[in-house]
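Student: Pasting in a structure now, in structure tokens, and then I'll have a few things to ask.
The values are calculated or read from the model by the stated rules, or taken from the named source; none is laboratory data. Computed from a prediction, not measured in an experiment: that's the story for all the values here. Neighbour counts are summed over all protein chains in view; Cβ atoms, including those assigned to glycine, are modelled from backbone coordinates with ideal geometry. All accessible areas refer to the heavy atoms of the entire protein, side chains included, with ligands and DNA or RNA removed. Shrake-Rupley method; radii C 1.70, N 1.55, O 1.52, S 1.80 Å.
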Amino acid sequence: MSILVTGCAGYIGSHTCVELLNAGNEIIVVDNLMNSKKEALNRISEITGKSFPFYQVDLLNEQELEKVFIENEIDAVIHFAGLKAVGESVRLPLRYYHNNITGTINLLNTMKKYNVNRIVFSSSATVYGMPQKVPISEHFPLKALNPYGRTKLMIEEILRDLYQSDQNWSITLLRYFNPIGAHESRMIGEDPNGIPNNLMPFITQVAVGKLPELSVFGNHYPTADGTGVRDYIHVVDLAKGHLKALEKIDTSNGVESFNLGTGKGYSVLEMIEAFEKAAGIPIPYRIAESRAGDAAICFADPMKAKQELGWAAEKDLHQMCEDSWRWQSKNPNGYEESNPHLSKSGDFFYAKK
Ligand code: NAD
Ligand code: UFG
């Protein structure tokens, strides 16, 4: 298949591009690089030995986006592009609504114009709000707690309305739980700007000596050790879920949501312990105030994805921690400083203007 990937240079997009290429698909990729580096694209080419066209295009620019559809045959779209920081979305709601929602509407308009009607959308477990019970199934009530979450929920609703209006569309909403880990080559991984918001990149930056200690946000939750519980999933497993979703939209129309999680929950203290074991490095931490808006326990019921997509996560917590550490330790400054042992000079992808 020939797949347009938006947000290709980001954390999940880059890992999915590798899996798409390794499975023999062609990719056409788009990113405005507002939260990522071009070097990620070099690395994708290096891992797979394949090249692909890259358009440095903002989804807010519909004319530029249209060129991508004019110049390429596209069978389906995987839509990762979006802003994702919860705290920033509270401070800058208009930026989030404009980027995520207008960007998606531009994409859908252009798809419609060029008769491309298959899309896989990056949704999030955040659409379940504060879940009343676990494990979380797709039919649970939906509620967003912040502007970022509302963009995900609104886009899900826009896509459902779109299908109601035209049943030739084939749409998959993938609700990710907590992706961590990195590609086993340690050439691509998560490279957050500034101080990380999320647990695993914070832990790896403490381990590499960039940050002094981890703050554990609260230890009075109703969980076994009092700290928050989440469903961490290896980013490569998550990436593979997209290939299964593509198979589904290739053969049937409709709009369907799927949880992509492991179905297992780990507490913050269990995560620290698992990381220390995998990396052989102690992680200093202190107990801090709980973070506003955090749920106590959140983990998926992943059965629908297993039954209907034939997908299940395979990698365990040890592998997730090991791969997170292998990436961070080999790339202490992320993609910023190209490591000559990892990435040869020169662009392996070709940039389109
Ligand atoms: P990321 O920030 O690493 O990647 C997103 C990419 O989209 C970046 O490369 C960014 O430059 C690009 N982008 C943003 N706005 C754009 C625009 N207007 N035009 C073109 N490119 C644009 O994020 P990620 O972790 O890879 O997440 C990918 C998707 O999955 C996002 O939609 C995110 O909301 C969703 N998601 C992520 C998580 C997570 O924990 N990482 C969890 C649930 C859902
Ligand atoms: N935590 C800490 N210290 C930190 C960071 C996090 O103790 O420095 C704790 C949190 O309180 C929580 C757990 O670690 O209990 C996981 O926190 P993350 O920030 O890594 O992940 P969240 O589950 O809060 O949120 C993430 C994304 C959301 C997304 C959600 C579900 O940030 O955008 O996963 O996919 F919606």
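Student: Tell me which residues come under 5 Å, amide H to amide H, from S257 once H is placed; ignore anything under 5 positions away on its chain.
Tutor: For S257, whose amide H was placed from the backbone, the distant partners under 5 Å are L173.
Student: Oh, and also: About its Cα centre, what dipole magnitude does the chain give when the only charges are +1 on Lys and Arg Cβ and -1 on Asp and Glu Cβ, stated in debye to the nearest 20? Walk me through the numbers on the way to the answer.
Tutor: Values: 35 positive and 42 negative charges, 66 e Å.
Dipole size: approximately 320 debye.
Student: Using only the Cα atoms of segment 51-93, construct the convex hull and provide its projected area averaged over every direction, in square nanometres to one decimal. Intermediate values should be presented prior to the final figure.
Tutor: On the way: hull surface 17.6 nm².
Answer in nm², one decimal: 4.4.
Student: Quickly rank 255-267, 90-102, 106-118 as a protection proxy: mean count of other C-beta atoms within 10 Å, highest first. Intermediate results must be reported in sequence, preceding the final value.
Tutor: On the way: 255-267: 22.6, 90-102: 15.8, 106-118: 17.9.
So the order, starting with the most tightly packed, is 255-267, 106-118, 90-102.
Student: Rounded if a/c is under 1.5, else prolate if a/b is larger than b/c, else oblate: which is segment 101-173, with a ≥ b ≥ c the root eigenvalues of its Cα gyration tensor? Mind dumping the intermediate values first?
Tutor: On the way: a/c = 2.92, a/b = 1.89, b/c = 1.55.
It comes out prolate by the Cα gyration axes.
Student: Work out the FRET efficiency for K330 and N115 from their Cβ-Cβ distance, taking R0 = 30 Å, and round it to the nearest 0.05. Could the numbers behind the result be given before it?
Tutor: Numbers: r = 43 Å, r/R0 = 1.45.
After rounding, the FRET efficiency stands at 0.10.
Student: Another question, then. Please express the shape of the chain as an equivalent ellipsoid: the semi-axes are the square roots of 5 times the eigenvalues of the C-alpha gyration tensor, given largest first in whole angstrom.
Tutor: Working: eigenvalues 186, 124, 67 Å².
Semi-axis lengths for the chain are 30, 25, 18 Å.
Student: With a probe of 1.4 Å, find how much accessible area segment 168-287 has per residue, and write the answer as a whole number in Å². Kindly include the intermediate steps, with their values, before the conclusion.
Tutor: Values: 4640 Å² over 120 residues.
Here the residues of segment 168-287 average 39 Å² of exposed surface.
Student: Return the calculated 222 nm mean residue ellipticity for the chain, to the nearest 500 deg cm²/dmol, obtained by summing -39500 (n - 2.57) across DSSP H runs with n ≥ 4 and dividing by the residue count. Let's see the in-between values first.
Tutor: Working: 11 runs with 124 residues, N = 353.
Only helices count here, giving -10500 deg cm²/dmol.
Student: A further question on this structure: Can you tell me how much longer the chain between A292 and S165 gets when fully stretched, taken as 0.36 nm per residue apart minus their C-alpha distance, in nm with one decimal? List each step's numbers first, then the result.
Tutor: Details: separation 127, 0.36 × 127 = 45.72 nm, distance 3.86 nm.
In short, 41.9 nm is gained.
Student: Same structure, new question: When the accessible area of the chain is split by element with a 1.4 Å probe, what percent falls to carbon and sulfur? Numbers along the way, then the final one.
Tutor: Working: 7370 of 15400 Å².
After summing per-atom areas, the C and S share lands at 48 percent.
Student: For segment 179-197, list residues with backbone N below 18 Å from a point placed 7 Å from the Cα of E314 toward its Cβ?
Tutor: 180-186
Student: Over segment 274-332, with a single point scatterer placed on each C-alpha, what log10 of the ratio I(q)/I(0) does the Debye formula yield at q = 0.22, 0.30 1/Å?
Tutor: After summing over all Cα pairs, the log10 values are -1.00, -1.10.
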